[in-house]
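Structure, as structure tokens:
Any read-out appearing in this document is the output of simple, stated calculations on the displayed coordinates, not a laboratory observation. Quick caveat, the model's predicted, so the values are computed rather than measured. Please note: Cβ atoms are built from the backbone with ideal geometry, for glycine as well, and neighbour counts cover all protein chains shown.
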Amino acid sequence: MFNYEVLRNRIIQVYGTQKEFARAMRINESTLSKKMNGVSFFDQDEIDYAVSLLGIPREEIVTYFFTKETPVVYAH
């Protein structure tokens, strides 16, 4: 699963809410929520469009869309 925290912060910075960003992406808010929570995934066209809307530099796409979740390790 991917960690979208950096993406989530950028969305808030640029659009104020995830709902407004979903409107800009022309997708349903629940669809965006599923993508942000790892239930479904962003396809290549969606990533390209989001990068454009959010002003994300191409060299930073990996940071926003492909950062892996860090597994939680519990000490015994």
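Observations, loosely collected:
- Amide hydrogen neighbours beyond the local backbone of Phe2, cut-off 5 Å, H modeled: Glu69
- Cα-only radius of gyration and Dmax that characterise the chain, units Å: 13.0, 47
- Here the gap between Thr17 and Glu69, fully extended at 0.36 nm per residue and compared with their Cα-Cα distance, gives a gain of 16.4 nm.
- Amide H within-cut-off set for Ile27, under 5 Å, with H built and near neighbours excluded: none
- Against the main long axis of the alpha-carbon atoms of the chain, helix 5-15 sits at an angle near 20°.
- Take the Cβ atoms of Val6 and Thr31, set R0 to 30 Å, and the FRET efficiency comes out at 0.90.
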